[in-house]
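The values are calculated or read from the model by the stated rules, or taken from the named source; none is laboratory data. Computed from a prediction, not measured in an experiment: that's the story for all the values here. No Cβ is skipped: glycine too gets one built from the backbone with ideal geometry, and neighbour counts run over all protein chains shown. Remember, those area values only see protein heavy atoms, side chains included, never the ligands or the DNA or RNA. Shrake-Rupley method; radii C 1.70, N 1.55, O 1.52, S 1.80 Å.
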Amino acid sequence: MSTAYDPGNIFAKILRGEIPAEKVYEDDDTLAFMDVMPQAEGHTLVIPKSPSRGFLDADPEVLARLIKVAQRVGRAVKTAFEADGLSVFQYNEPAGGQTVFHLHVHLVPRREGVPLKRHEGGMADKDVLARHAERIRAALRQE
Ligand code: AMP
């Protein structure tokens, strides 16, 4: 199996504006948007704009910028959904649970006693995702 970066992956298409995403944060290096198959309400993904396949091939400087944004957006996600906790996931290669081969960090707000939904379970309603994205953008504006 090739482990080269494939620019045809779905997150690269989002970065090029070829397919839509519910964006919550963007800067020169980083983009955050709603996961279309959320494992909990508010499930957000943070990706670098530079083309890394995963954690292991990424430039450490890219990782450093990514994790700073993930922390900032993670705080906003937790606030926006009045969560008790936040799960941060990052998967590499199919054996590691990765399905989209552009580096990304999952931010999943958690409530006491509520189990996660299945990874890549059902598609969320588009309008619901749009409302959730607005909640997170509002929390970011409150900082
Ligand atoms: P993984 O590669 O296993 O860490 O997860 C990829 C994640 O991307 C899954 O949680 C999917 O629900 C999510 N996903 C797949 N396609 C899209 C898309 N077009 N927009 C937003 N999220 C997506």
### Task
Kindly indicate whether any position in segment 59-68 is outside any helix (DSSP H, G or I) and open to solvent by 20 Å² or more (accessible area, probe 1.4 Å).
yes
### Query
Given the structure, is GLU120 within 10 Å of the ligand (Cβ to nearest atom) and within 23 Å of PRO20 (Cα to Cα)?
yes
### Query
Is it fair to say GLY74 is open to solvent by less than 40 Å² (accessible area, probe 1.4 Å), more than 13 Å from the chain's Cα centre (by Cα) and of a type outside the set (A, V, I, L, M, F, W, C)?
no
### Message
Given (1) within 16 Å of the ligand (Cβ to nearest atom); (2) open to solvent by less than 80 Å² (accessible area, probe 1.4 Å), identify the lone condition not met by ASP27.
### Response
(1)
### Query
GLY42 is checked against (1) part of a loop (DSSP other than H, G, I, E, B); (2) open to solvent by 40 Å² or more (accessible area, probe 1.4 Å); (3) within 20 Å of GLN142 (Cα to Cα); (4) not acidic (Asp, Glu) and fails just one. What number does that condition carry?
(2)
### Residues located in segment 77-100, provided they are over 14 Å from the mean Cα position of the chain (by Cα) and not in a loop (DSSP other than H, G, I, E, B)
THR79, ALA80, GLY85, PRO94, ALA95, GLY96
